[in-house]
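Engineer: One structure, as structure tokens, below. Some questions next.
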Amino acid sequence: MLGSLRFRLPALFLVGIVVSGVIATAVALALFQNYGRQQLLVKLRREANGLTELYQQQAIVANDTGARTVRFAPRQLEGATGDKIFYVGADVFPDQVSGLRPLPQNLVDWRSGKNRTFEFRPPGFKRRYLAVLRPLRLAPKSPPFGALVVATPTTEIASDLRPLAERLALALVGGLLVAGLLGWYLSRRITRPVLALSEATDEITRGHYDVTIPEVPGGGEIGHLARRFREMASRLGVAEQQERNFLMSVSHELRTPLTAIRGHVEALREGIAADPAVRAASLDMIASETTRLERLVGDVLDLAKLEAHRFTLLTEEVDMGRLCEQAYAAFGEEARRRGIDYEKRFEASPTIVSDGDRVLQIISNLLSNAFRWTPDGGKVGLELAASNGRICVAIDDDGPGVPAAEQERIFRPFWSRDDSGTGLGLAIAHELAAALGGSIQLDSQPGQGSRFELVLPAGHY
């Protein structure tokens, strides 16, 4: 459970929210703390300026006239401001008690006459204070005789931060709840199709290709993955069915000649075929069926080599007119026997550089396919033409035609429209044409026959 995407996705989402919230809270507290410190300093400076002016004027009066100064009440002033008031320096109020909290002379540099801001722990106090120092002078630009220090505990800043921290914590908890619900919803929305794909993968590994892949609302990458997975499962199912059909077809194709060969061999061995003519016919039948077996095995090996790109091609001059005559003649007897109108039309007789045996194999496979689908009494045509540096060999038939949805599939290995035959002829022709630098083009309409065109370059491939 903890290792599943359904758990890890919202968990990572929440961790990201928590980390972001903690960082944002820390930054906010630091900024507010700095702001609070600056505001306290503004307040302390204002108070220090006012108190310094007050005490400084009274000290000047006492020094100039010797009159008794007005008695101030520092404790009441501290109560009104909430801050502590300290004094460091010479005694300028000899005739009365000032009430100011004294500080040691060496605690802070007051003799330089500069305004200062600092933190310190006053003698007898346990807390640290943020303080502002203002020098006291009897005349402008004269050396200071002392300094007034107005201070407030640094814990005042923390006490101001506490309400903000509580609000931020409450906002963080609320944000986590919202983020948790959002993360749970998004994880369900994302992981549901992913889990369905995972279950479908398990089914496919068990050989069940008819799995149902749910539609993903909204599309996106997951939707694209689901569509491609659905197509993959469909193709795997088709491929398995083609392989099964191929094995059945090959088994049938192998069993038929083997059965005939075994029957004739047994007849010859037992002496049943004693007549020389019968013996010769049996031997001819054995040779014919052996050739058929050899051709079938050769087709399978050719396709395997082509798909593995381990097929060796020769380079030679090929007389296309003579080669097409040879291919045409090979099916003449079948055309005569079935009453098929078998025509040829050679508009040119070019010579190309290619592999003659493989070109003949392609044309023969295309003619074999045409005769297979052409009914008795039908029509098959073979054409040869050359133009624009290309050689075109076309085979026409008036068979049932190929629907548009099947025109790409008929060139796949093991695929057969009627589940008969090995489904290798057109696949091998297609791969050979590509290996020779050419292509096979199909023009077909259901009920109107088909036209296969082998297009080859006139020069080197």
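The values are calculated or read from the model by the stated rules, or taken from the named source; none is laboratory data. Keep in mind that this is a model prediction, so the values were computed, not measured. Methodologically, a virtual Cβ is constructed for each residue, glycine included, from the backbone with ideal geometry; neighbour enumeration extends over all protein chains shown. Side chains are part of the model used for accessible areas, which takes the heavy atoms of the whole protein and leaves out ligands, DNA and RNA. Shrake-Rupley method; radii C 1.70, N 1.55, O 1.52, S 1.80 Å.
Engineer: Select from the range 407-430 the residues that are over 34 Å from the mean Cα position of the chain (by Cα), modelled with pLDDT of 80 or more and either in a loop (DSSP other than H, G, I, E, B) or among the β-branched types (V, I, T) (or both) and list them in ascending order.
Structural biologist: I428, the sole residue that qualifies.
Engineer: Filtering the range 150-204 down to residues that are hydroxyl-bearing (S, T, Y) and farther than 30 Å from P122 by Cβ, which residue is modelled with the highest pLDDT?
Structural biologist: The qualifying residue modelled with the highest pLDDT is T201.
Engineer: What is the one condition in (1) among the aliphatic types (A, V, I, L, M); (2) over 30 Å from G175 (Cα atoms); (3) crowded, with 16+ Cβ neighbours inside 10 Å; (4) modelled with pLDDT under 80 that L51 does not satisfy?
Structural biologist: With (1) among the aliphatic types (A, V, I, L, M); (2) over 30 Å from G175 (Cα atoms); (3) crowded, with 16+ Cβ neighbours inside 10 Å; (4) modelled with pLDDT under 80 applied to L51, the lone miss is (4).
Engineer: Something else about it: Across the range 333-374, what is the number of residues that are of a type in the set (D, E), open to solvent by 30 Å² or more (accessible area, probe 1.4 Å) and within 21 Å of P457 (Cβ to Cβ)? Before you say what the answer is, go through the steps one by one.
Structural biologist: Pass one, the range 333-374, residues of a type in the set (D, E): 333-334, 341, 343, 347, 355, 357.
If we keep only those that are open to solvent by 30 Å² or more (accessible area, probe 1.4 Å) as well, we get 333-334, 341, 343, 347, 357.
With within 21 Å of P457 (Cβ to Cβ) added as a condition, the list becomes 347, 357.
The total comes to 2.
Engineer: Of the residues in the range 434-453, how many are among the hydrophobic types (A, V, I, L, M, F, W, C) and touching a helix residue (DSSP H, G or I) at 6+ places or on another chain (Cβ under 6 Å)?
Structural biologist: The qualifying residues number 2.
Engineer: Counting only residues that are open to solvent by less than 50 Å² (accessible area, probe 1.4 Å), in contact (Cβ under 8 Å) with a residue 24 or more places away in the chain and of a type in the set (D, E, K, R), how many does the range 375-413 have?
Structural biologist: 3
Engineer: Another question, if that's okay. Among (1) in contact with an Asp or Glu (Cβ under 7 Å, 6 or more places away or on another chain); (2) not in a loop (DSSP other than H, G, I, E, B), there is one condition A433 misses while meeting the rest; what is its number?
Structural biologist: (1)
Engineer: Can you tell me which residue within the range 98-138, out of those that are part of a loop (DSSP other than H, G, I, E, B) and among the polar types (S, T, N, Q), is nearest to the chain's Cα centre (by Cα)?
Structural biologist: Per the criteria, the residue is N115.
Engineer: Within the range 228-237, which residues are of a type outside the set (G, A, S) and touching a residue at least 12 places away in the same chain (Cβ under 8 Å)?
Structural biologist: The answer is F229, R230, L236.
Engineer: I'd like to check something: does the range 140-157 contain any residue that is of a type in the set (D, E) and either touching a residue at least 60 places away in the same chain (Cβ under 8 Å) or surrounded by 14 or more Cβ atoms within 10 Å (Cβ to Cβ) (or both)?
Structural biologist: Yes, that holds for at least one residue.
Engineer: Hey, among S349, S368, which residue is under 47 Å from the mean Cα position of the chain (by Cα) and either under 24 Å from W415 (Cβ atoms) or not basic (K, R) (or both)?
Structural biologist: Just a single option satisfies the conditions, and that option is S368.
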